[in-house]
Amino acid sequence: MKKRLLMVSNRLPVKIAADGTATRTAGGLASALEGAELENEQIWVGWPGGAEEEFDDPEAISKQLNEQNTWPVFLSQAELDGFYEGYANSTLWPILHYMVERAKFSQEWWDSYKAVNQKFADVILSIAQDGDMIWIHDYHLFLLPELLRGTNMNLRVGFFLHTPFCSSEVFRVLPHRAELLRGVLGADIIGFHTSSYLRHFRSTLLRVLGKESEMDSIWYGGREVRLLAAPIGHNHLGFQKCMEREDFGEIVAEHREELNGKRLVLSVERLDYTKGVPQKLTAIHRFLKDNPEWCDEVIFVLISVPSRQGVEEYDQLTEEVQRAVGAINGEFGSVGHSPVQFLHRGFPPADLAALYALSELCLVTPLRDGMNLVAKEFLDCQREEIAGRPGVLILSELAGAAEELSNAIQVNPHNTEEVADAIARALEMPDEERKFRIEAMQRRLRLRHSGPWAQSFVEDLEKVPAREQRVAVF
Ligand code: F6P
């Protein structure tokens with residue numbers, strides 16, 4: 001019989017409002033895992049969104065979620081301030097994305113991070129059974145693997161990082177770097193999206209802990225920890241289902257009408273400073289200035305899903321983006337046409353699929369990104385018969401996806417001229433070249449979607465020997 005799997009991530013795939021209503025969570029991890037369709041019995045453990053104090057009856061919500069095999073870890077407002085907005089998102093997030101000058105450090109936040117990791121461990125241990133597999137996701141929970149190892153249970157623990165793992169020179173800036181590394185080394189398998197992140201992790205182990213490792217493993221604490229690079233895929237099956245819906249043609253027709261005959265250049269991202277939205281707008285400005293003949297022909301649609309609202313940097317970023325969009329439209333717009341549409345909200349998957357299919361060009365230009373699934377979703381949903389011609393992907397070389405998608409037009413997102421020229425080049429690219437580029441990428445990513453990715457990680461975890469066979473081998 002297949003082993004039971006506990007999926008653990010800071011955020012659950014559903015967000016629960018104070019009145020108990022559930023909505024889907026935005027973001028790459030949730031969307032990819034939704035399409036994984038694993039055969040193992042599964043339980044999700046994670047934060048349901050909001051502060052614990054907002055819920056009238058957390059116990060009732062717990063019960064409701066438990067019926068759907070979901071175990072909530074409620075976080076108080078103080079924990080959200082210290083653990084989530086503080087240590088996870090104002091210390092670790094900028095460091096892992098190489099934005100050292102944005103990182104803030106606080107002992108209180110660190111204490112809160114440790115306490116919340118322990119809280120997750122307590123919830124997991126209250127439901128775990130001998131032999132279970134625990135798959136922990138992301139930077140919020142670096143300490144959790146070691147906390148689980150400290151028990152006598154026979155658990156198989158995997159950890160996957162969905163952000164970049166930065167160079168050791170950057171990681172060592174963290175005051176608690178050694179504790180973080182020891183924490184994650186409690187896992188039996190540690191996974192990254194790219195071989196570069198894995199390389200950085202290995203050199204950090206050497207610099208910070210003085211530990212040598214092999215390409216794919218390290219001996220630590222008398223046992224072997226496997227290290228792997230496995231790029232996550234997108235939710236191919238989910239998008240395919242959307243495109244097979246009976247009303248998909250109508251959804252496409254509605255969006256086509258909105259475009260009013262203009263050629264669509266699409267961007268989709270959480271509104272986060274790592275995504276480089278102001279830099280992208282500077283490049284769009286440059287493109288429109290250098291190519292006035294395109295002003296009335298194209299429409300740039302920026303879908304920016306609100307994120308981490310309430311964190312100062314994110315609120316400032318929203319204002320900065322709104323100002324830049326207004327300035328571009330003021331300069332290049334006409335009575336009937338604004339070249340940039342800024343849509344500050346999430347869209348249902350079927351609408352996203354329709355917009356991806358209708359786009360002539362997708363602009364994915366993060367300053368740093370662990371993977372970036374939008375690039376893969378766009379390529380997968382492209383249909384020549386809907387857009388009229390094959391679409392083109394402009395992709396930041398600083399996104400993890402760049403290692404796989406070599407047929408995209410790759411750009412340095414900090415280089416305004418290069419991005420502006422790439423937009424012009426893509427719009428003018430002959431159909432044969434477009435077709436050649438996109439088909440090569442589509443073939444690959446439709447095989448390596450989130451299903452096989454998750455399946456293969458779980459199979460590796462299933463093969464981890466039982467606890468008594470793992471310890472003190474030498
Ligand atoms: O990129 C890593 C990731 O964990 C994504 O899966 C997710 O979209 C984001 O970071 C976290 O967002 P949030 O802070 O809204 O949970």
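Values quoted throughout were computed directly from the atomic coordinates according to the rules given, and no laboratory measurement underlies them. Note that the structure is predicted; figures quoted are calculated from it, not measured. Quick reminder, even Gly has a Cβ in these numbers, built from the backbone with ideal geometry, and neighbours come from all protein chains shown.
What the table below lists for this structure:
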item: 5 angstrom amide H check on Arg263, placed H, neighbours 5+ away; result: Val298, Ile299
item: In degrees, nearest ten, helix 195-204 long axis to first principal axis of the chain (Cα); result: 40 degrees
item: Percent RCO, i.e. relative contact order, over the range 338-457, from Cα pairs under 8 Å lying at least 6 residues apart; result: 23 percent
item: Sorted by Cβ density within 10 Å, fewest first, the residues Met133, Met153, Met1, Met243; result: Met1, Met153, Met243, Met133
item: Burial order of peptide ranges 213-226, 82-95, 172-185 (average beta-carbon count within 10 Å, highest first); result: 82-95, 172-185, 213-226
item: The range 19-110: C-alpha gyration tensor shape, a/c 1.5 cut-off, then a/b vs b/c; result: oblate
item: Global size of the range 256-396 as Cα Rg and Dmax, reported in angstrom; result: 14.6, 44
item: For the range 147-256, alpha-carbon Rg over 2.2 N^0.38 Å; result: 1.51
item: Sum of side-chain charges, Phe347 neighbourhood, beta-carbon under 14 Å (Lys, Arg +1; Asp, Glu -1); result: -2
item: Nearest 10 degrees, 0 to 90: helix 248-259 Cα axis against the chain principal axis; result: 50 degrees
item: Whole-number D in µm² s⁻¹ for the range 377-469, Kirkwood Cα-pair radius fed into Stokes-Einstein, 10 °C, 1.306 mPa s; result: 102 µm²/s
item: Rg over Rh, two decimals, the range 212-283 (C-alpha only, Kirkwood Rh); result: 1.25
item: Cα pair count fraction exceeding 30 Å, expressed as % - the chain; result: 47 percent
item: Euclidean distance between Cα centres, the range 148-164 to the range 233-252, Å; result: 35 Å
item: Theoretical gain in end-to-end length, Gln118 to His337 [0.36 nm per residue, Cα-Cα removed]; result: 73.5 nm
item: Global form of the range 291-353, assessed from the alpha-carbon gyration tensor, a/c cut-off 1.5; result: oblate
item: Length gained when the stretch Arg389-Met215 is fully extended (0.36 nm per residue, less Cα-Cα span); result: 58.3 nm
item: Net length gained if the chain between His414 and Glu244 were fully extended (0.36 nm per residue, minus Cα distance); result: 57.3 nm
item: Per-peptide average of other Cβ atoms within 10 Å, ordering 367-375, 108-116, 313-321 highest first; result: 367-375, 108-116, 313-321
item: Relative contact order computed over the range 1-90 (Cα-Cα under 8 Å; 6+ residues apart), in percent; result: 31 percent
item: Two-decimal Rg/Rh across the range 106-188, once Rg and the Kirkwood Rh are taken from alpha-carbon atoms; result: 0.98
item: Net charge over other residues, Cβ less than 13 angstrom from the Cβ of Gly333 (K, R count +1; D, E count -1); result: -1
item: Exceeding the 18 Å Cα-Cα cut-off - candidates Lys262/Lys376; Lys119/Lys463; Lys2/Lys463; Lys241/Lys376; Lys376/Lys435; result: Lys262/Lys376; Lys119/Lys463
item: Highest-first arrangement of 347-357, 188-198, where packing means the average Cβ count within 10 Å; result: 188-198, 347-357
item: Contact order relative to length of the chain, as percent, for alpha carbon pairs under 8 angstrom and 6 or more apart; result: 15 percent
item: R0 of 56 Å, Cβ-Cβ distance Glu108-Leu259: FRET efficiency to nearest 0.05; result: 0.65
item: Asn66 paired with Glu462, simple spin-label distance in nm, labels 7 Å along Cα-to-beta-carbon; result: 2.9 nm
item: Net charge, Ile303 excluded, C-beta distance under 14 Å - Lys, Arg +1, Asp, Glu -1; result: -1
item: Distance in nm between pseudo-label sites at Gln129 and Arg446 (7 Å out along the Cβ direction from Cα); result: 4.0 nm
